Structure formats: structure tokens, C-alpha cells
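Notes follow once the structure below has been shown.
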Amino acid sequence: MKERVISAIVMLIIFVPLLLIGSWPFYMFITVLGMIAIYELLRLKKNLPLVIKIITYLLTAFIILSNVFESNLLIDFDYRILTILIFIYLLMLVFINNQEKYNYKDAFYLMGITLFIGISFNNFLHIRNKDIYLLIYLLLITTVTDSFALFTGKAFGKHKVAPLISPNKTVEGCIGGSLVGCIVASLFYIFMLDYQNVYLVIILTLLLTIIGQLGDLIKSSIKRHEGIKDFSNLIPGHGGVLDRLDSIIFVTMTYILISGLF
């Protein structure tokens, strides 16, 4: 626990100033996190050629930094980017004529993780450009929900949510986490973002607390399938970047999906 707390403090010391500064320091920080996230997913495919890995890093960074100065959350995806991904990853099947090192399954896997990480981390930049308080609100949802889900689960948890995926997660913990996360984040939104429709904010926040916990279960399902405890050991006591950002990735995606309502 001590190691976990120290790591959390160090992460806050690094993250908070960059969040406040914004602009290129924050863009570069998020891009670095995205590169680490891609590294963690590439580790699951051990035999990939180096050239394929380099291409994946470059394409992911390109997507993360695309339209970086836009503050509009509803940005149309450029289908030319998708075309480039499909063309490059499938074209490499011709040049790497070794099914054990690179095959069509690997190509579609790389397309998926490049889009997933690229778009996810690009979302962080657009939300920060839109309003710093909006990003803090979304971070509050995941942080408070996760923390109180752990506390209430340990204190009152009896019924397992998904024992085959995440044996320690309980129904009672999920409910407690969502309730406290909803209260704290809703109050922050109402007072700091000055939105008048209180009921809509509460409904939205409650939905996002649930989505965040589903994101955590998705991460657990992937790790269970791959037979790993953490995506990496970069952050002592916490695992890797994807182990820490799983919930916020799905929360930001969901917020952007329904942001047209606000």
C-alpha cells in the first residue's frame, strides 16, 4: 500500500502542473503516455518485426496529435487516416513473408490498437482544449468511483460482479463507488462548469461512473485472456499506463459520444 501511495503522489506531482500549463507540454506528455500504452499492447505480440513496431508508434502518435488545436469535441474522423492504416498494415504482409512473425491477424490487431490508443489519447487533448474543468470532472468520476468501489467492496462486498474476470469486484462495491463518484463529480460539474440542468448532470455522471467500471472489467478480461497480472510494471503498485487509464479512456469516449446533448 505504501508503494502504491508514493507512486500516486509522484504521478500527481508530474501530471497536475502539465495539466494546468496545457498546450505543447501537455500534448507531449499525453503522446508519451500513448506511446507507453502502445508498447504495453505490442508486448502481447512477441514476434512482431521491429519495423512494424516503429510504424505502429509513428501512426499512433500521428493520430494522437491530429487536429490538436481543435476545441470542438465533435470532430469528423478523416477516413484518409483509416485508409492509410489499412494500406500500410496489409501491404506489409507482402514484404514480411513470414507467417510466424507477421500475418493478417497481426495486421488487423495493429489496426485496432492504433485506432484505439490514438483516438483515446487524442480525446484527452481535445477535452483539455475545450475546458480544463471538464477534464478534471471526468478524472474525478474515475478516481472517486474506483477508490470508493474499493472501500465499500472491502467493507460490505458479498456478491461478485464477474468472478471469472475480476474476482475482487463486488456488486456492493460498484454501487458504493458509483454513488459517491456521482455525488462528488456532479457537485464539481454544477459549481465549476456552471451548468443549470442539475438532473441531466446527475444522470450523465451516474452513467459515466458505470461506464468507468465497465472499462475496468474490459481491461481485466483482456489480461485474464492473456494470462498477465498487469500490462507492465512501469508504475510501482499500479501496473502500467493502461492499468491506470482504463476507466478514464472509456469515460472520455462515452462523454464525447453524448456531448452533443450539452
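Side notes on the structure shown:
- Relative contact order, percent, the chain [alpha-carbon distance under 8 Å, six or more residues apart]: 21 percent
- Pairwise Cα distances in the range 170-218 exceed 17 Å in 33 percent of cases.
- Cβ crowding within 10 Å, taken as a proxy for footprinting-reagent exposure, orders Asp216, Asp243 from fewest neighbours to most as Asp243, Asp216.
- Of the DSSP H helices in the chain, those whose Cα atoms cover at least 30 Å axially and whose Kyte score averages 1.6 or more: 171-192
- The chain, helix-only ellipticity at 222 nm - DSSP H runs n ≥ 4, -39,500 (n - 2.57), divided by all residues, nearest 500: -25500 deg cm²/dmol
- Among His238, His126, His225, the order by Cβ neighbours within 10 angstrom, fewest to most, reads His225, His238, His126.
- Gain in span if fully extended, Leu164 to Phe87, counting 0.36 nm per residue against the direct Cα distance: 23.9 nm
- Cross-link pairs beyond the 23 Å C-alpha cut-off, checked among Lys130/Lys219; Lys45/Lys223; Lys53/Lys130; Lys169/Lys223; Lys46/Lys105: Lys130/Lys219; Lys53/Lys130
- P(r) tail, the range 21-130: Cα-Cα pairs separated by more than 19 Å, 45% of all pairs.
- Rg(Cα) / (2.2 N^0.38 Å) computed for the range 131-262, rounded to two decimals: 1.07
- Overall dimensions of the chain by Cα: Rg and Dmax, Å: 19.2, 60
Only the coordinates and a few stated rules stand behind these numbers; no lab work does. Quantities reported herein were computed from a predicted structural model and do not represent experimental measurements. For neighbour counting, all protein chains shown are included, and Cβ atoms are generated from backbone atoms with ideal geometry for every residue, glycine included.
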